Amino acid sequence: MVPVGRVLIGRGFIGGKGTNLPFMATPDVKTLFGIRVRQLRKLRGWSQEDFAHRAGLDRSYMGGVERGERNISLENICVIAKALDVPTANLFMEWMLAENSELSDE
């Protein structure tokens, strides 16, 4: 398990304090992406509504993205990265690094 903020991410498991998720097996990429977006939004102190307004997207859509319920398009990934003022790769970097370090430890 590798801590990413207050989220524990390991090969096949995700969850922990502050995630509102129990530990669950094999999270999909949409769930991991949503957790990362929520983490960056909260670091900025923005509500989902504020964030959606900044990104020009609907609040309910953003909620679905953060919960991993949306199969988000590449265009909207770029819109979200721009609204967060981060490189697009940063939306994937933290959890990809965590998973890669788990693989290299075996």
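No value in this document is a laboratory result; all are computed from the given coordinates. All values reported here derive from a predicted model rather than from experimental measurement. Here the Cβ positions follow ideal geometry from the backbone for every residue, glycine too, while neighbour counts run over all protein chains shown.
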*asked:* Looking only at residues that are in contact (Cβ under 8 Å) with a residue 12 or more places away in the chain and not hydrophobic (A, V, I, L, M, F, W, C) in segment 39-60, which one is surrounded by the most Cβ atoms within 10 Å (Cβ to Cβ)?
replied: 41
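Of all residues in segment 51-81, which are assigned to a helix (DSSP H, G or I) and in contact with a Ser or Thr (Cβ under 8 Å, 6 or more places away or on another chain)? Spell out how you get there, then give the answer.
Looking only at segment 51-81, we keep the residues that are assigned to a helix (DSSP H, G or I), and these are 51-55, 59-66, 74-81.
Matches in segment 51-81: 77, 78, 81.
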